[in-house]
Amino acid sequence: MQTTTTRFYQLTATEFDWKISDQITIKVWGFNQSFPGPVLKARRGDTMVIKVKNDLQEATTIHWHGIRLSASMDGTDDVQKPIQPGEEFEYRFIVPDTGTFWYHSHFNETRQMERGMYGALIVEDDTEPVFDADKVLMMDDIKLTADNEFRKGNFIERWMERHDGRQGDIVLLNGKEEPEININAGQTERWRFINSSSARYIRLYLGGKDFKIIGTDGGLLEHPEEVTEVLIIPGERMDIAAGPFTEGENFLIESLAYNRTTFLKTKDRNIATVKVGATKPSIARLPYNLREIEPLAPQGAEITRKVKFSVGASWKHGIDFLVNGQLHNVDKQVNVGELQVWEVSNTSLMDHPFHLHGFFFQVIEENGKAPVYKAWKDSYNLKPKSKIKIAWMPDNRPGMWMYHCHILEHHEAGMMGHFEVVNPEKGPSGVHHHHHAHHHTP
């Protein structure tokens with residue numbers, strides 16, 4: 001039995017200079033003078049106490065993406081007052097799951113996350129497969145002016161950004177442009193990829209080499225899945241086993257073009273160069289059986305709720321991003337212990353990354369077919385004109401929760417739903433939803 005402990009962290013949000021390459025230094029917003037912020041680590045069952053001090057000129061909150069915590073700690077303005085400049089807020093929660101998670105601003109996100117307000121949170125335990133090394137790889141992109149300042153864009157550009165989501169022309173890995181990654185020949189490493197970009201879909205490709213997907217949002221899969229590429233949508237995580245490679249065999253980590261029906265078309269992009277060094281012995285052990293994932297519901301389970309993502313014409317904005325026909329939809333309550341089977345549909349002609357706060361779901365059907373493998377997810381791509389069926393179980397963590405499109409500009413434009421999880425024995429909390437017409441900053 002592993003012992004649990006309490007881990008204390010301090011995160012201070014400030015503006016600071018950061019070198020993304022030898023040529024370019026930019027002013028970013030982030031935590032502890034680091035872009036991305038520090039990697040927070042814990043073991044499953046630990047209590048994390050994280051003091052966040054806000055030394056920015058505007059309010060913020062921090063969302064712990066993928067952590068099954070109590071509603072009051074979820075870091076949205078449904079459940080807490082934003083942390084004002086000069087103020088501190090203490091987040092305290094137990095981490096019940098092993099896996100690759102992350103934290104990011106959930107206030108004025110299109111501005112704060114673009115500028116660097118995010119970092120990784122890694123939870124480990126003794127049952128994990130053994131690797132020679134473990135790397136956390138956060139992928140992002142930024143859009144700069146000729147003076148290397150964050151680009152605001154003119155009216156047309158802003159309208160296109162509202163439609164497409166902001167896709168920057170500089171792709172970053174751990175805050176650096178096209179860095180080098182080193183691995184020893186003969187070794188196998190766990191690479192934890194996190195897509196922290198506003199809107200970029202990353203079709204991860206390692207120069208044609210095979211790699212194994214071993215985990216995603218909610219931890220390990222049942223078995224490693226061997227592939228040559230995998231799509232990683234905004235908010236999503238993919239853990240892979242990389243290697244063994246041969247000495248001197250250098251290759252690119254790339255994002256291949258992916259058409260998500262936007263004005264601006266994506267191209268193949270280099271993310272990093274992998275340099276394979278001297279051969280070293282390996283201690284890596286990757287079993288075929290990683291864990292068992294019990295299905296929550298059969299494919300034919302009866303639907304308990306329908307959630308529809310759509311895009312509609314709007315006099316005011318030209319285009320609206322809607323959930324069940326509403327901006328910032330307030331959805332029906334969910335009772336603790338009642339299995340949820342939701343049909344989540346996308347009637348629009350573009351992809352949308354669906355993200356559920358606070359709970360993992362299983363995709364039990366996509367466009368009438370069962371998925372290739374079982375996984376615990378909190379983020380999943382809704383392809384154009386598609387339907388997925390998800391199953392999830394609301395455990396006893398009552399309070400206000402949300403789901404939304406993780407393209408930050410679509411989320412800000414209203415493509416989100418708020419709902420309360422209620423313990424039927426106790427009734428609603430009486431906490432009223434107080435969404436702030438989404439904090440636009442002039």
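The values are calculated or read from the model by the stated rules, or taken from the named source; none is laboratory data. Everything numeric here is computed off the predicted structure, so don't read it as measured data. Virtual Cβ from ideal backbone geometry, glycine too; neighbours counted across all protein chains shown.
Hey, does region 251-269 have a residue that's more than 30 Å from Glu157 (Cβ to Cβ), assigned by TED's automatic domain parsing to the domain that holds Lys209 and either of a type in the set (S, T, N, Q) or part of a loop (DSSP other than H, G, I, E, B) (or both)?
No.
Show me the strands (runs of 3 or more DSSP E) found entirely inside region 175-228 where at least 2 residues are acidic (Asp, Glu) and at pLDDT 95 or above.
The qualifying strands (runs of 3 or more DSSP E) are 219-227.
Of the conditions (1) of a type in the set (A, V, I, L, M); (2) modelled with pLDDT under 95; (3) more than 30 Å from Pro179 (Cβ to Cβ), Leu264 fails just one. Which one is it?
(3)
Within region 344-354, does at least one residue satisfy the condition of being closer than 24 Å to Asp217 by Cα and not in a strand (DSSP E or B)?
Scanning region 344-354, I find at least one residue that is closer than 24 Å to Asp217 by Cα and not in a strand (DSSP E or B), so the answer is yes.
Name every residue in region 358-383 that is in contact (Cβ under 8 Å) with a residue 24 or more places away in the chain, within 23 Å of Tyr201 (Cβ to Cβ) and loosely packed, with under 15 Cβ neighbours inside 10 Å, in order of residue number.
Answer for region 358-383, where residues must be in contact (Cβ under 8 Å) with a residue 24 or more places away in the chain, within 23 Å of Tyr201 (Cβ to Cβ) and loosely packed, with under 15 Cβ neighbours inside 10 Å: Val372, Tyr373.
Looking at Thr47, Thr76, Thr100, which one is within 22 Å of Arg397 (Cβ to Cβ), at pLDDT below 95 and either surrounded by fewer than 18 Cβ atoms within 10 Å (Cβ to Cβ) or not charged (D, E, K, R) (or both)?
From the options Thr47, Thr76, Thr100, the qualifying one is Thr76.
Can you tell me which residue is nearest to the chain's Cα centre (by Cα) among those in region 365-381 that are within 21 Å of Asp239 (Cα to Cα) and in a strand (DSSP E or B)?
Ser379
Within region 285-330, restricting attention to residues that are within 30 Å of Ile214 (Cα to Cα) and without any contact (Cβ under 8 Å) to a residue 40 or more places away in the chain, which residue is nearest to the chain's Cα centre (by Cα)?
Among residues in region 285-330 that are within 30 Å of Ile214 (Cα to Cα) and without any contact (Cβ under 8 Å) to a residue 40 or more places away in the chain, the one nearest to the chain's Cα centre (by Cα) is Glu294.
Here is a list of conditions, (1) touching a residue at least 60 places away in the same chain (Cβ under 8 Å); (2) surrounded by fewer than 24 Cβ atoms within 10 Å (Cβ to Cβ), and Glu236 meets all of them except one; can you say which number that is?
Unmet condition: (2).
Name the residues in region 130-145 that are in contact with a Leu (Cβ under 9 Å, 6 or more places away or on another chain) and surrounded by 18 or more Cβ atoms within 10 Å (Cβ to Cβ), would you?
Phe131, Leu137, Met138, Met139, Asp140, Asp141, Ile142
Which residues, taken from region 93-116, are of a type in the set (Gly, Ala, Ser) and in a strand (DSSP E or B)?
Scanning region 93-116 gives Gly99, Ser105.
Filter region 325-341 for residues that are modelled with pLDDT of 95 or more and outside any loop (DSSP other than H, G, I, E, B) and give the result.
Selection gives Val334, Asn335, Gln340, Val341.
Only residues that are among the hydrophobic types (A, V, I, L, M, F, W, C), surrounded by fewer than 21 Cβ atoms within 10 Å (Cβ to Cβ) and closer than 18 Å to Pro36 by Cα: list them for region 159-175, please.
Ile170, Leu173
Looking at this structure, is Leu322 of a type outside the set (Phe, Trp, Tyr), modelled with pLDDT under 95, more than 24 Å from Ile202 (Cβ to Cβ) and crowded, with 20+ Cβ neighbours inside 10 Å?
yes
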